[in-house]
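To keep things clear, I will list the structure first and then write my remarks on it.
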Amino acid sequence: MLYYKDTEQLYNILVPFFNDLMNNPEIGPKVLASGLIIKFIYHNPEAVIIVHCPNSEIIQGDREDIKPDVVMSMNSDVAHRFWLGKVNLVAALTKGDIRAKGPIPKIMKLLPIIKGAYAIYKDYLKEKGFEELVNVE
């Protein structure tokens, strides 16, 4: 099932959401302190988002001049379900639903911080008029 109807919608939802997380006083400073550059590669629809912690920046699209510390690749539906709190990261990595390259232990340390984003994502979707994307299995 495609939760994001196309690349434009994925970017219109996830890029502002990531920016909101970076600006969240509970989440942002802890994620930024990691100093990581995390590249998310999404499939179906195709998209790339880079979380550039050293520059406090969310980048839409791929950039050859940026060398990520970690690359996370996944189906867009898996990403959506993850942010809803319905995907266990460890299980998804084990099953291959999420593929990761780089220092995975550093990413795993961010998980307790990021768990606070689950409720924010649900509220964010409702606020942006995407209520139909909230109640998924």
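List the lysines whose alpha-carbon lies under 16 Å from that of K67, not counting same-chain residues fewer than 8 positions away?
In chain and number order, the partners are K39, K101.
Averaging the inverse of every distinct alpha carbon separation and then flipping it gives the Kirkwood radius. What is it for the chain, in angstrom units?
The Cα-based Kirkwood calculation yields 15.0 Å.
For T7, T94, which order do you get if you count the other beta carbons within 10 Å of each Cβ and list the fewest first?
T94, T7
Rounded to the nearest 5, what % of the DSSP beta bridges within the chain are antiparallel ones?
70 percent
Separation of the range 108-137 and the range 22-41 by C-alpha centroid, Å?
Cα centroid to Cα centroid, the span is 16 Å.
With a length cut of 20 Å (Cα positions projected on each helix's long axis) and a Kyte-Doolittle mean of at least -1.0, go through the chain and give me the DSSP H helices that pass.
Both cut-offs are met by 7-23.
Each reported figure results from applying straightforward, stated rules to the coordinates on display, with no laboratory input. If you're wondering where the values come from, they're calculated on a predicted model, not measured in any experiment. Every residue, glycine among them, receives a Cβ derived from its backbone with ideal geometry; neighbour counts consider all protein chains shown.
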